[in-house]
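Below: the structure, in structure tokens.
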Amino acid sequence: MEMSKYKDLISLKDAGHKYGLSPTSLRIYILDGKLEGLKIGRNWVTTKEAVERYLKGRERYREPKKKLTK
């Protein structure tokens with residue numbers, strides 16, 4: 001994360017409330033390299049732009065439901 005983005009940092013708790021995700025999930029995405037963020041002391045932070053980029057690029061894969069036949 002670039003130094004210029006430090007002014008726009010938000011906590012994972014605040015990001016979770018804003019985007020409907022849990023702070024734990026956001027932390028895991030950061031650790032997996034899927035979301036930009038960093039740890040300052042004992043707190044994890046990210047930016048709104050990083051979360052929005054992650055959500056925009058995220059793809060959901062779902063198996064089609066199987067129809068029951070008799």
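A few comments on the model shown:
- Residue ID - farthest from L9 (Cα to Cα), chosen from residues in the stretch 34-61 that are open to solvent by less than 90 Å² (accessible area, probe 1.4 Å) and assigned to a loop (DSSP other than H, G, I, E, B): R58
- Scanning the stretch 43-70 for residues that are more than 13 Å from K18 (Cβ to Cβ) and at pLDDT 95 or above yields N43, W44, V45.
- For the stretch 19-33, the condition holds for no residue, the condition being that it is part of a strand (DSSP E or B), modelled with pLDDT of 95 or more and open to solvent by less than 100 Å² (accessible area, probe 1.4 Å).
The values are calculated or read from the model by the stated rules, or taken from the named source; none is laboratory data. All figures in this text were calculated on a predicted structure; none of them were measured in a lab. As a convention, Cβ positions derive from the backbone with ideal geometry for all residues, glycine included, and neighbour counts pool all protein chains shown. Accessible surface areas use protein heavy atoms only, side chains included; no ligands, DNA or RNA. Shrake-Rupley method; radii C 1.70, N 1.55, O 1.52, S 1.80 Å.
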